[in-house]
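Student: First, the structure itself, so that you have it in front of you.
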Amino acid sequence: MKLRNLLLSAFMLIALGSMAQLSPNVENDPSVRTGKLSNGLTYYIKQNNWPEHRVNFYIAQRVGSLQEEENQRGLAHFLEHMAFNGSEHYPGNGVIDYTRSIGVEFGRDLNAYTSVDQTVYNINDVPSTRVSAIDSCLLILKDWSNGLLLEDKEIDKERGVIHEEWRVRSSAQQRLLERNLETLYPGSKYGKRMPIGLMSVVDNFKYNELRDYYHKWYRPDNQAIIVVGDIDIDRTEAKIKELFNSIPAPAPDAAKVVDEPVPDNEEPIIVIDKDKEQMTNSIQVMFKHEPIPNQMKSTIMYTMQNYANSMAFNMLYKRLEEKSKEPDCPYIFAFVNDGTYLFSKTKDAFSITIMPKEGQTPQAIKIVTEEVLRAAQHGFTETEYARAQDEYNSSLETRYNNRNQVNNNTFGRQYCSHFLSQYPYPSIEWTYQTMKMIAPQIPLELINQAFVQLVPQDNSNLVIMNFCPENVELPTAQDLLTAINEARSEKLEAYVDNVKQEPLITTMPKAGKIVKETKNEKLGYTQYTLSNGANVFIKPTTFKDDDIQYYAESHGGSSLYGEKDWINYTMFSSVIGNCGLGNFTNSELKKALAGKNASVTPSLSRDYESFYGTSNKKDLETLFQLNYLYFTAINKDEKAVKSELSKLETFLKNKDAMPQMVFSDSLTNTLYNHDPRCRSVNSELIKDIDIDRVIQIAKERVANAADFTFYFVGSFDEATIKPLIEQYIASLPSQKGKKEEFGDIPQYAKGKILNEFSRKMQTPQVTSRIIWHTDAIPYTIENDIIAEFTQAVLRTMLLEKVREDEGAAYSPSGSASISFSGNKVITQAGVSCNYNPEKKDVVLGIMREALKDIANGNFSDDILVKTKEKLVKDYETGLKDNDYWTSVISYYIDHNIDYISNYKKIVNKVTKDQICNFAKQLLNNGNCIEVTMVPEQ
Ligand SMILES: [Zn+2]
């Protein structure tokens, strides 16, 4: 701690010298109403109007798996599940049923998590127009706080669900961490408290062992209630007092939540392990140290320290990224940070994380450590610092400009972390003003000094963790230590920052003209037809104060290329995304764009070539310039592309080690009848890529701007955007009057197909997916909405039958959709599940019958009512969203389908018969594909 205090006082000198008026503490947002009831319960209430008429509710608890006894391992998490299985005012599935009736979806809006030291529940996006909904949600929080029923039969039903959750989560990474945890945390409870716990406990614990945990730890003094959204603060506070005051205060001798220490280690702890299903090699080199004391977290000094650290880590990350583009670099990616040691809040660590290339683990450690030491010895450069400052300022400005459109969850999570970890929650106004004042006063020397203090001087308290795929030769512990020590003894040169000081576009293109302007009143957009034949659709909005969305598309895509170009168009994004633009290489471009809030991403799908982009108002012109360059001047950056391809090669090498990867490849192959254009990429095939050919394809795709439609939605005005459109879009090369059509697009296999195969697995589980499809249903807005209802029914049905009744799976899921594939329309419904092999017959039976059950009307009308609530709520949220409008307008232009005008009316008119009929049409068509992967005996 000594070194760190020294550093803080250096900051303090600056702070005192230039900002004597500043308080030494961060000011928490004064608009948040907080308080503590006499029983010890804390609350936070914040009024927030974005989105309108929505509220989020949270209950945060300062307890988790660390509070478990040996016979309770896994019960903190088990308890979290029981919160949805019966409470005083919401018996049975009452919580899920009630919230669904107000448009809140289990999993998406209604959820919870359990970690080692905290358990947090949330109910999000509750409509606030009905006061009764707010009161009911507060009552749910109260039930969670002290009204869980924890009935015998409900507990028994949940054992299977949790066992299945363990099965799904039992990945190679999880197994590796779990079996080494005690070595990583010698002499600490952290080594024995993975929240998922022991299945021997989950399957067999006595009811009272769970109830004991609940009554011992779920107490008002360990809990906080958080309400954020479109609510009346006074009324909400009064209601909280009324409801929660009746909860008794803990007894004076009630157990205290005490911090679990993590002892220091003199000798390095080195864990090197492998797993048959591990796909990639990963290394973490960690130097443990004491964390910042809680009482310091609310000081300005700590804010400044954080700022300095984040600047340094950002600059270092950029150096490591630049280096990774060199062909002989021994790692795929690497980054360095300072924070929690694994998951213990009582110990921090300076951590280096690396994904090395095959067989180059020690080399990767050495070279990354050298970069850390190089920065410590020689410091960062002025040009790097200027870019890091630009980036920081740009994101601060954007946050500030959009300060009136912060979503409820951002606020809610802030108050959770204040309650759980004592982090302050300043208002954006406060942060903006303070950082605008402080940040520019911090010179580079100070950032460099701060970094030197962070970098560990020796190998004390060192922990190295190296998890590998099965087939690699493991390094020895000594190899890894030697790599670090060799880096320490190397004489290092200072880093040279190569920057290109010129504008993105040196000679401006000859601007074109807007030749025609048409307004569409119904959807509120304006269409410009340009002199080069391109069409631009704009919709200025006020949903967010500083946010612009861009999208462009044209028919064609990879469907216009034959099978021999398969690998070239399949790897389009990896190649084009790593090229440069204009006179800039990829890395020069990244540096030139630092601090600019503008991006454009090209992509190539089976039926379209398209561009996505976003920017703020200030950098809108940069977005236009990037787009112009993608259309006219892709700069082949062979070095960067080759480095990307070699990374992919390493990454894909052990792809088939993961059973889920094998399943997904097999599913695609079956689904597309082994069409070679749909096969998956592997590390061998990457070698066949012809970079020049990919660039040629990219050029062909954008050769005719007249064949594109361009969309801009967001916080701009017409006067600003018009000249930009004329300068950068009307000037794009085009062949007026020429339109491309879709080529031959891969189609789903017809008929009934069954593919069952087995595979060796570390944790046996069955994976099944069934898809019914047809091309006989026309794409209409009604059918799209009916598909949504069908999906809701499928999901509810599977959740009830497979999870709740059988306890055979953790997250069975259902889907239904209607979509375009070129000019064809494909309608599909599907069910999928990872489950217990012992229950294969019963689960498969339920899955196979699912669509038939819908066709026969075997579902309650209740789902209809609830789905209507949800769809209308989502639609209303969408109406205030730039992204949503971008897709609405582009769908209207491309397919003449209007998602706005009658949407609500159509949703409210949907009948049970329509859903049954939809399912019947899918069934009658006779196309059903079923793929199942079982564990090899
Ligand atoms: Zn769970």
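Each reported figure results from applying straightforward, stated rules to the coordinates on display, with no laboratory input. Predicted, not measured: the structure shown is a model, and the values here were computed from it. Cβ placement follows ideal geometry from the backbone for every residue including glycine, while neighbour counts extend to all protein chains displayed.
Student: Label 7 Å along Cα→Cβ of LYS750; region 668-700 residues with amide nitrogen under 17 Å?
Tutor: 671-675
Student: In whole Hz and in residue order, list the ³J(HN,Hα) couplings for region 232-242 that follow from phi through the Karplus curve 6.51 cos²θ - 1.76 cosθ + 1.60, θ = phi - 60°; x for Gly and Pro.
Tutor: 8, 4, 4, 5, 5, 5, 4, 5, 4, 4, 4
Student: State the Cα centre-to-centre distance between region 857-881 and region 479-511 in whole Å.
Tutor: Between the Cα centres of region 857-881 and region 479-511 lies a distance of 52 Å.
Student: Right, another one. Step through the residues of region 243-260 one at a time and calculate ³J(HN,Hα) from phi using the Karplus curve (6.51 cos²θ - 1.76 cosθ + 1.60, θ = phi - 60°), rounding each to whole Hz and writing x for Gly and Pro.
Tutor: Here the 3J(HN,Hα) series is 6, 8, 4, 6, 6, x, 5, x, 5, x, 9, 4, 4, 9, 7, 10, 5, 9 Hz.
Student: If you build the convex hull over the alpha carbons only and average its shadow over all orientations, what do you get for region 70-225? Give it in nm² to one decimal. It would help to have the intermediate numbers written out before the result.
Tutor: Details: hull surface 39.4 nm².
For region 70-225, the mean projected area of the Cα convex hull comes to 9.8 nm².
Student: Further, regarding this structure: Could you work out the relative contact order of the chain? I mean the mean sequence separation of Cα pairs under 8 Å and 6+ apart, divided by the number of residues, in percent.
Tutor: Values: 1752 pairs, mean separation 128.9, N = 937.
Answer for the chain is 14 percent.
Student: Tell me the net charge near CYS833. Cut-off is 11 Å between Cβ atoms, CYS833 excluded, with +1 for each Lys or Arg and -1 for each Asp or Glu. If you can, show how the numbers build up before the last one.
Tutor: Details: positive: ARG769, LYS801, ARG803, LYS839, LYS840; negative: GLU164, GLU806.
Net local charge, CYS833 excluded: +3.
Student: In deg cm²/dmol and to the nearest 500, what is the mean residue ellipticity at 222 nm of the chain if only DSSP H runs of at least 4 residues count, each as -39500 (n - 2.57), divided by the residue total? List each step's numbers first, then the result.
Tutor: Numbers: 30 runs with 388 residues, N = 937.
For the chain, the value works out to -13000 deg cm²/dmol.
Student: Once you compute Rg and the Kirkwood Rh from C-alpha atoms, what is the Rg to Rh ratio for region 130-172? Intermediate results must be reported in sequence, preceding the final value.
Tutor: On the way: Rg = 15.8 Å, Rh = 13.0 Å.
For region 130-172, the value is 1.22.
Student: May I pose another question? For region 403-426 and region 263-313, what is the separation of their Cα centres, given in Å?
Tutor: Taking the Cα centre of region 263-313 as reference, the centre of region 403-426 is 23 Å away.
Student: Under 5 Å between amide H atoms, partner at least 5 residues away or on a different chain: which partners does TYR672 have, H built in plane at 1.01 Å?
Tutor: ALA749
Student: Something else now. How would you classify region 811-937 from its alpha-carbon gyration tensor, with a ≥ b ≥ c the square roots of the eigenvalues: rounded for a/c under 1.5, else prolate if a/b is greater than b/c, otherwise oblate? Don't jump to the answer; show the numbers that get you there.
Tutor: Working: a/c = 1.96, a/b = 1.71, b/c = 1.14.
Here region 811-937 falls in the prolate category.
Student: Another question about this same structure. Could you list the chymotrypsin sites (Phe, Trp or Tyr not before Pro) in region 753-849 that lie in coil according to DSSP, counting only those with at most 11 other Cβ atoms within 10 Å of their Cβ? Walk me through the numbers on the way to the answer.
Tutor: On the way: sites: PHE757, TRP772, TYR779, PHE789, TYR810, PHE820, TYR835; in loops: TYR779, TYR810.
For chymotrypsin sites (Phe, Trp or Tyr not before Pro) across region 753-849 that sit outside H, G, I, E and B with at most 11 neighbouring Cβ atoms in 10 Å, the list is empty.
Student: Also: Bin width 5 Å, alpha-carbon pairs only: give the P(r) of region 729-796 as whole percents, running from 0 to the bin holding the largest distance.
Tutor: Reading upward from the zero bin: 3, 8, 11, 12, 14, 13, 11, 9, 8, 5, 4, 2.
Student: May I pose another question? Could you work out the Kirkwood radius for region 334-416, taking every pair of different alpha carbons, averaging 1/r and inverting it, reported in Å?
Tutor: Details: mean 1/r = 0.0603 Å⁻¹.
About 16.6 Å, per the Kirkwood formula over Cα pairs.
Student: On alpha carbon coordinates alone, what is the Rg over Rh value for the chain, Rh being the Kirkwood radius?
Tutor: Values: Rg = 29.2 Å, Rh = 30.9 Å.
So for the chain, dividing Rg by the Kirkwood Rh gives 0.94.
Student: Using only the C-alpha atoms of region 558-693, find the volume of their convex hull and express it per residue in Å³. If you can, show how the numbers build up before the last one.
Tutor: Values: hull volume 18.5 nm³, N = 136.
So the per-residue hull volume is 136 Å³.
Student: Let me ask something additional. Provide the percentage of antiparallel DSSP beta bridges, counting only those with both residues in the chain; round to the nearest 5. Before the final figure, lay out each step's value.
Tutor: Details: 108 of 136 bridges.
Once the DSSP bridges in the chain are tallied, antiparallel ones form about 80 percent.
Student: What is the dipole size for region 171-215, taken about its Cα centre, with +1 at each Lys and Arg Cβ and -1 at each Asp and Glu Cβ, in debye to the nearest 20? Intermediate results must be reported in sequence, preceding the final value.
Tutor: Working: 7 positive and 5 negative charges, 16 e Å.
Dipole of region 171-215, to the nearest 20 debye: 80 debye.
Student: Can you pull a Stokes-Einstein diffusion coefficient for region 223-341 at 10 °C (1.306 mPa s), Rh from Kirkwood over Cα pairs, as a whole number of µm²/s?
Tutor: Details: Rh = 20.8 Å.
The estimated diffusion coefficient comes to 76 µm²/s.
Student: Loop-only check: which trypsin sites (Lys or Arg not before Pro) in region 182-218 are DSSP coil with at most 12 other Cβ within 10 angstrom?
Tutor: Those that pass, being in a loop and sparsely packed, are LYS206.
Student: Please report, in debye to the nearest 20, how large the charge dipole of the chain is about its Cα centre when each Lys and Arg carries +1 at its beta carbon and each Asp and Glu carries -1 there. Don't skip to the answer; put the middle values down first.
Tutor: Working: 104 positive and 125 negative charges, 219 e Å.
Its charge dipole is roughly 1060 debye.
Student: Continuing with this model, one more query. Could you pull out every residue, at least 5 positions away or on a different chain, whose amide H is within less than 5 Å of the one on TYR425? Hs are placed 1.01 Å off N in the peptide plane, and Pro or chain starts have none.
Tutor: Counting only residues 5 or more places away or on other chains, the set is ASP29.
Student: Please work out whether region 13-137 counts as rounded, prolate or oblate from its C-alpha gyration tensor, where a ≥ b ≥ c are the square roots of the eigenvalues and a/c under 1.5 means rounded, while otherwise a/b larger than b/c means prolate and anything else oblate?
Tutor: Oblate, since a/c reaches 1.5 and b/c is not below a/b.
Student: Return the whole-Å distance between the Cα centroid of region 690-768 and the Cα centroid of region 335-373.
Tutor: Each part reduced to its Cα centre gives a spacing of 37 Å.
Student: May I pose another question? If you filter region 321-420 for chymotrypsin sites (Phe, Trp or Tyr not before Pro), then keep DSSP loop positions with at most 12 other Cβ within 10 Å, what is left?
Tutor: On the way: sites: TYR331, PHE333, PHE335, TYR341, PHE343, PHE350, PHE380, TYR385, TYR392, TYR400, PHE411, TYR415, PHE419; in loops: PHE343, PHE380.
The qualifying sites: there are none.
Student: Hey, what do the phi angles of region 730-738 turn into as Karplus ³J(HN,Hα) couplings, whole Hz, using 6.51/-1.76/1.60 and θ = phi - 60°, x for Gly and Pro?
Tutor: Going residue by residue, I get 5, 8, 6, x, 8, 10, 4, x, 8 Hz, with x marking Gly and Pro.
Student: Still on this structure: Output the relative contact order of region 698-850, whole-number percent, from Cα pairs under 8 angstrom with separation of 6+ residues. It would help to have the intermediate numbers written out before the result.
Tutor: On the way: 178 pairs, mean separation 36.5, N = 153.
Reported as a whole number, the value is 24 percent.
Student: Given region 371-491 reduced to its alpha-carbon atoms as identical point scatterers, what log10 I(q)/I(0) does the Debye formula return at q = 0.12, 0.14 Å⁻¹?
Tutor: Ignoring solvent entirely, the Cα scatterers give -0.79, -0.93.
Student: Is there a quick way to get the dipole size of region 243-387? I mean about its Cα centre, with the Cβ of Lys and Arg at +1 and of Asp and Glu at -1; what is the value in debye to the nearest 20? Intermediate values should be presented prior to the final figure.
Tutor: Values: 15 positive and 21 negative charges, 72 e Å.
Dipole magnitude for region 243-387 comes out near 340 debye.
Student: Net charge within 14 Å of THR541 by Cβ-Cβ distance, Lys/Arg positive one each and Asp/Glu negative one each, not counting THR541 itself? Could you put the intermediate results ahead of the total?
Tutor: On the way: positive: LYS539, LYS544, LYS617, LYS880; negative: ASP545, ASP546, ASP547, ASP717, GLU718, ASP881, ASP883.
Every neighbour counted, the sum reads -3.
Student: Could you pull out every residue, at least 5 positions away or on a different chain, whose amide H is within less than 5 Å of the one on ALA730? Hs are placed 1.01 Å off N in the peptide plane, and Pro or chain starts have none.
Tutor: GLY512
Student: Right, next: May I ask which residue of ALA477, TYR425, SER489 lies farthest towards the positive end of the charge dipole of region 419-540, with charges of +1 (Lys, Arg) and -1 (Asp, Glu) on Cβ and the Cα centre as origin?
Tutor: My answer, from the dipole projection, is TYR425.
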